[in-house]
1. Are there any pairs with C-beta distances below 7 angstrom linking a residue in segment 24-49 that is closer than 15 Å to TYR99 by Cα to a residue that is surrounded by 11 or more Cβ atoms within 10 Å (Cβ to Cβ) and of a type in the set (Lys, Arg), with the two at least 6 apart or on different chains, and if so which?
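Computed from the coordinates by the stated procedures, all read-outs in this text should not be read as laboratory data. As the structure is a prediction and not an experimental result, all values here were calculated from the model. Glycine also receives a Cβ, built like all others from the backbone with ideal geometry; neighbour counts cover every protein chain displayed.
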Amino acid sequence: MWPYVTPQQLEGFRHYKYSAVDTNPLSVHIMQPLWDRIVKIVPLWIAPNLLTFGGFLMILINFLILSFYDWDYTASGSGGGLIPTWVWVFGAFATFCSYTLGKVLSVYTV
């Protein structure tokens with residue numbers, strides 16, 4: 001039987017330290033100031049799990065609306081119908097809000 005991880009790799013795990021630094025210019029110069037403002041707006045009495053649940057609901061509502069307009073996934077095919085533009089705009093908005101709530105949660109709980 002072949003080992004999945006060599007002894008040398010196992011030794012490296014003892015010295016591993018996770019470090020997540022986001023140096024993306026879009027994140028550093030545009031999104032981080034937005035997230036900082038939103039953190040100041042969100043009341044402290046709101047539970048972090050409520051923010052997570054709100055983001056989940058946004059994605060779930062987006063899925064349900066998209067499923068209503070294209071229940072059999074034929075809109076992208078040759079014989080499919082058209083999905084209204086507002087559905088795609090709402091989908092983009094819901095995804096952005098869900099991601100933003102997740103990032104606010106990470107700053108909010110630290």
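1. Close Cβ pairs (under 7 Å, with a partner that is surrounded by 11 or more Cβ atoms within 10 Å (Cβ to Cβ) and of a type in the set (Lys, Arg)) amount to TRP35/LYS103.
Here's the yes/no breakdown for (1) more than 20 Å from the chain's Cα centre (by Cα); (2) surrounded by fewer than 10 Cβ atoms within 10 Å (Cβ to Cβ); (3) over 26 Å from LEU105 (Cα atoms); (4) not hydrophobic (A, V, I, L, M, F, W, C):
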site	(1), (2), (3), (4)
LEU10	yes, no, yes, no
ARG14	yes, yes, yes, yes
ALA20	no, yes, no, no
MET31	no, no, no, no
ILE38	no, no, no, no
PHE68	yes, no, yes, no
TRP71	yes, yes, yes, no
PHE93	no, no, no, no
